[in-house]
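Take a look at the structure below.
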């Protein structure tokens with residue numbers, strides 16, 4: 001039942017959906033199921049979008065009263081959080097400007113209004129900046145001066161900083177994901193892609209900072225990526241998180257919102273094509289992300305087409321999305337490691353792949369620490385240590401079961417992969433973007449996808 005509830009939420013949010021669920025449907029789920037669904041809505045980043053959509057179409061009253069209360073409280077808390085984020089952003093931007101740092105704001109407030117109509121509907125957990133390499137030392141010095149301390153990172157393309165905060169004192173209720181007290185690190189990126197972890201070589205140009213444009217919102221003015229480069233970043237960002245088994249489904253909703261606004265903007269899509277044409281793997285990554293976005297939330301008249309792309313790759317991507325992509329997205333890609341099947345298509349060297357596969361299936365490293373602010377006790381309390389130990393046990397259990405499940409799925413996937421390759425005339429759809437002058441591609445309509453997959457049980461954990 002929880003899977004059905006998740007599907008209903010996604011269907012409700014789909015741009016091409018005409019389905020509206022009523023009182024009887026939402027009340028057919030018991031309190032336990034709704035409690036789990038609400039947690040999923042929070043973690044997936046869909047909660048406030050869902051609440052906003054129902055209020056917009058005047059159906060919010062059809063939800064159970066305790067669900068309405070929870071969502072309304074989350075929105076109220078997030079409004080305070082966004083104001084806190086706005087103030088932090090103003091301070092950080094001013095520090096960088098005064099120090100002569102060349103930068104562009106990534107994600108966060110820079111996604112409004114192109115990817116999100118209202119900043120209070122998003123859940124932002126950090127501040128991301130693309131920094132020109134020549135400005136990195138100045139940017140780090142500024143953060144040190146402002147009281148931030150560096151976090152340990154195993155990646156070469158970004159540097160994270162945190163401002164120390166006092167221990168979280170006990171309260172009557174735990175601090176939630178929408179609280180203004182939730183610690184927000186600052187991440188400095190010197191590139192939009194790094195192959196250290198994924199081992200996928202995507203050589204990007206070094207002119208992103210030179211192409212920035214000024215954006216404004218919430219009383220702020222700041223440099224951000226131009227529209228074409230911003231979409232490239234969103235696509236690479238989503239792809240990276242899919243491969244790392246943690247990608248919030250709200251990422252695809254926001255990309256869908258952007259695509260809906262730009263469907264008929266032929267000059268933009270021509271610029272996007274020109275920009276990515278000679279960027280290795282970016283057209284293929286775009287195909288994966290746009291197709292998955294379209295299957296989940298609809299993509300209006302935007303359809304794929306690129307006769308130069310390997311038809312075998314195109315067929316395999318379609319099959320992976322059908323079998324693993326859609327059900328994986330409903331769990332934010334965190335319940336299994338089936339993204340390895342997709343990852344394999346981007347790594348050609350066998351020895352490199354063997355090393356990636358081993359590292360992903362058996363990651364011999366300590367699980368990350370839970371943020372202090374998410375706990376309802378002081379950092380050094382016994383309850384915190386117990387919570388962290390339980391978290392570590394859950395992660396070990398996840399890796400063990402995921403490795404077994406991956407081994408179980410492997411021969412099944414190889415069989416269907418070969419079937420799809422040999423069935424190219426029926427399976428291949430082209431992959432480069434074009435604007436279709438006709439109606440919406442029914443294969444990319446969420447309503448038809450959900451209906452068909454419900455019959456075939458493709459939406460499965």
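The values are calculated or read from the model by the stated rules, or taken from the named source; none is laboratory data. Note that the coordinates shown come from a computational prediction; the quantities given were computed from them, not determined experimentally. Heads up, the Cβs are rebuilt from the backbone with ideal geometry, glycines too, and the neighbour counts pull from every protein chain shown.
Details
Let's see how each residue does on (1) in a loop (DSSP other than H, G, I, E, B); (2) within 29 Å of residue 236 (Cα to Cα):
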| residue | (1), (2) |
| --- | --- |
| 3 | no, yes |
| 6 | no, yes |
| 15 | yes, yes |
| 50 | no, yes |
| 55 | no, no |
| 71 | no, no |
| 88 | no, yes |
| 93 | no, yes |
| 96 | no, yes |
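- Those helices (runs of 4 or more DSSP H) of segment 226-276 in which 3 or more residues are over 23 Å from residue 105 (Cβ atoms) and outside the structural domain of residue 112 (by TED's automatic domain parsing) occupy 266-276.
- Residues of segment 10-36 satisfying the condition of being crowded, with 18+ Cβ neighbours inside 10 Å and within 19 Å of residue 246 (Cβ to Cβ): 10
- For residue 104, the conditions (1) at pLDDT 95 or above; (2) under 20 Å from residue 255 (Cβ atoms); (3) within 19 Å of the chain's Cα centre (by Cα) all hold with the exception of (3).
- Those residues of segment 205-225 which are assigned to a loop (DSSP other than H, G, I, E, B) and over 20 Å from residue 84 (Cα atoms), in sequence order: 205, 206, 207, 208, 212, 225
- Looking across 146, 141, one residue alone is at pLDDT 60 or above, surrounded by fewer than 17 Cβ atoms within 10 Å (Cβ to Cβ) and closer than 18 Å to residue 88 by Cβ. It is 146.
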